[in-house]
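The values are calculated or read from the model by the stated rules, or taken from the named source; none is laboratory data. Keep in mind the model is a prediction, meaning the values are calculated, not measured. Just so you know, the surface numbers come from the protein's heavy atoms only, side chains and all, with ligands and any DNA or RNA stripped out. Shrake-Rupley method; radii C 1.70, N 1.55, O 1.52, S 1.80 Å.
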Amino acid sequence: MPFYVYHCQDVKDREQAAAIRREQLSAHLAYVKKHIDAYAVAGPNREVAGDYRSSTFVVKESSLAGADALMVGDPYVQAGLYRSYNGVEFVPVAGEWVGGVAWE
């Protein structure tokens, strides 16, 4: 099954982003839990100061359209938390999750 990676950047207004995260956190977490089998990994990204400013999702879907549909249903997306998010196919070929290197 292919993987699709999304780097989702929060809206620039930090107070607005923090408010959306607070208001939608329970719904967002419930959505992720409901669709947990579709995620290879997902989580927020922090700045050095500790503030959340973006999120990364690695989605397991049969197509980019399917991955996009999953993302569109997320309450954070629906509430306008992210100013941008684009999915691209991700091909894991090296690292601990891959068990070393895939080309050998």
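Brief remarks follow.
- Accessible surface for the chain, divided over its residues, is 63 Å² per residue with a 1.4 Å probe.
- Distance from the stretch 72-104 to the stretch 1-33 (C-alpha centre basis), Å: 14 Å
- In degrees, nearest ten, helix 14-34 long axis to first principal axis of the chain (Cα): 50 degrees
- Scaled against the 2.2 N^0.38 Å expected of a compact globular protein of N residues, the Cα radius of gyration of the chain reads 1.13.
- Per-residue Karplus couplings for the stretch 84-98, computed as 6.51 cos²θ - 1.76 cosθ + 1.60 with θ equal to phi - 60°, are listed in order as 7, 7, 9, x, 9, 5, 10, 10, x, 10, 7, x, 4, 5, 8 Hz, Gly and Pro entered as x.
- Gaussian network model of the chain, Cα within-10 Å springs - most flexible of Pro44, Pro75, Pro92: Pro92
- Split the accessible area of the chain by element, probe 1.4 Å, and carbon with sulfur accounts for 54%.
- DSSP-defined antiparallel bridges as percent of all bridges, the chain, nearest 5: 100 percent
- Long-range amide H partners of Phe90 with built H, under 5 Å: Phe3, Tyr4, Val5
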